[in-house]
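*Asks:* Below is a structure I'd like to ask you about.
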Amino acid sequence: MALNHSVLEVKGLEKKYKKFKFGPVHLRLEKGTAVALLGGNGSGKSTLFRLLMNILQPEAGTVTLFGADMGDHGTEAKRRIGFVGDMLEPFSSQRIKDIASLVSHWYPTWDQARYSHFIKRYGIDENEKYGKCSKGTKKKVEFVLSLCHSPDILLLDEPSANLDIVSQRKVKEDLVNFLEDGEKSILLATHIMDDVRQICDYIYILEDGQVNQFFEKDEIHEKWAAIWVNELPEHLKDHPNVFRVNHLSGSTVQVVTNDLSKLEEDLLGNHVSVEQVSRLTLEEIIEYMIEG
């Protein structure tokens, strides 16, 4: 589905390393939507976030935020972004409250009352040195700091990683609240499918530095399924909507399809009866897409 009113647009973004090439990647984020960025380890998700934030410089391509080129207006643009991406390690010797004080000077819209609220909500001891914090607490600190200047966009690289169950729930609640007025947007990289189910509208699949899938989350629930048939004619094994064929005991065949209605129509036309249909979970669908 084509997106309109994009607040973030990436065109032909590339970054080359000795053993890895990222891109060219094209990506859009629409106002008022949440987009999940999914992919295996090493697929390029963190590289994309660092390119979006001007931490890394691309060899080609552009990043446009609210119609302005990120390269020309980077400082101003980043004030409208909240970012979680393991960027606070250089401040390991500082207390959390001192890091917050430093960060507050970067953002004219910093809200100290909002900061105090979230520090209490997530049970963070702001007198603790950042380097002494657990991995989960570090994530919570980053998440809190990303919200306190009322950004228009959140760029979140695994914000729930290493969090306890209660904190994961709170992060999810705060992201839903962030989107509530329909004016703000989220780009979220995560391995937690429950976050994708409850927060995101669209999904990008990133593999080997390339975007190889983009779709509306609710649409794939309607299309993907596993079906069981007594036999599958040879010429239908190459059907465009047959994603995988599993031969089970006896003559039973399980077929995974990415468009149930189209495949059922063609099976009927070939006098193949469908014995059983089972809708796939989001986790199963994403796993099939990533594995190919």
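Bear in mind that the values in this text are calculations on the coordinates, not laboratory data. These numbers come from a predicted model, not from an experiment. Here Cβ is always computed from backbone atoms with ideal geometry, including for glycine, and neighbour counts include all displayed protein chains.
*Asks:* Which of the three applies to region 112-168, rounded, prolate or oblate, going by the alpha-carbon gyration tensor with a ≥ b ≥ c and a/c under 1.5 meaning rounded?
*Replies:* It is oblate, given that a/c is not under 1.5 and a/b is not larger than b/c.
*Asks:* For the chain, what is the mean residue ellipticity at 222 nm derived from helices alone (per DSSP H run of n ≥ 4: -39500 (n - 2.57); sum divided by total residues; nearest 500 deg cm²/dmol)?
*Replies:* That calculation yields -9000 deg cm²/dmol at 222 nm.
*Asks:* If I take every Cα pair under 8 Å that is 6 or more residues apart in region 76-137, average their sequence separation and divide by the length, what percent do I get for the relative contact order? All intermediate terms of the calculation are to be shown ahead of the outcome.
*Replies:* Numbers: 34 pairs, mean separation 30.7, N = 62.
Normalised by residue count, the contact order of region 76-137 is 49 percent.
*Asks:* A further question on this structure: Using unit Cβ charges (K, R positive; D, E negative) and no other charged atoms, how large, in debye to the nearest 20, is the dipole of the chain about its Cα centre?
*Replies:* Result for the chain is approximately 1420 debye, rounded to the nearest 20.
*Asks:* Still on this model: Compute the longest continuous run of the chain that contains no exposed GluC sites (Glu not before Pro); treat a site as exposed when its DSSP state is not H, G, I, E or B and it has at most 13 other Cβ atoms within 10 Å.
*Replies:* Answer from the scan: 60-179.
*Asks:* Calculate, in whole percent, how much of the Cα-Cα pair population of region 224-291 lies beyond 17 Å.
*Replies:* That fraction is 34 percent.
*Asks:* Kyte-Doolittle mean at least -0.5 and Cα extent at least 15 Å along the axis: which DSSP H helices of the chain qualify?
*Replies:* Passing helices, by number: 135-147, 165-179.
*Asks:* How high is the relative contact order of the chain, in percent, counting Cα pairs under 8 Å that sit 6 or more residues apart? Before the final figure, lay out each step's value.
*Replies:* Details: 522 pairs, mean separation 59.9, N = 292.
About 20 percent, as a whole number.
*Asks:* Cα centroids of region 229-292 and region 37-113: how far apart, whole angstrom?
*Replies:* 43 Å
*Asks:* Give the span of the chain's Cα atoms along each principal axis, as three whole-Å numbers ordered largest to smallest.
*Replies:* Principal axes ranked by extent give 71, 41, 40 Å for the Cα atoms.
*Asks:* For the chain, give me the percentage of DSSP beta bridges that are antiparallel, rounded to the nearest 5 percent.
*Replies:* Approximately 70 percent, going by the DSSP bridge assignments.
*Asks:* Now for a different question. Anyone know which of Gly123, Gly67, Gly269 comes out most mobile in the 10 Å Cα GNM of the chain?
*Replies:* Gly269
*Asks:* A further question on this structure: Name the shape class, rounded, prolate or oblate, that the alpha-carbon gyration tensor gives for region 100-240, where a ≥ b ≥ c are the square roots of its eigenvalues, rounded holds for a/c under 1.5, and otherwise prolate holds if a/b is larger than b/c and oblate otherwise.
*Replies:* Prolate.
*Asks:* In whole Å, what are the Cα extents of region 12-75 along the three principal axes, biggest one first?
*Replies:* 33, 26, 18
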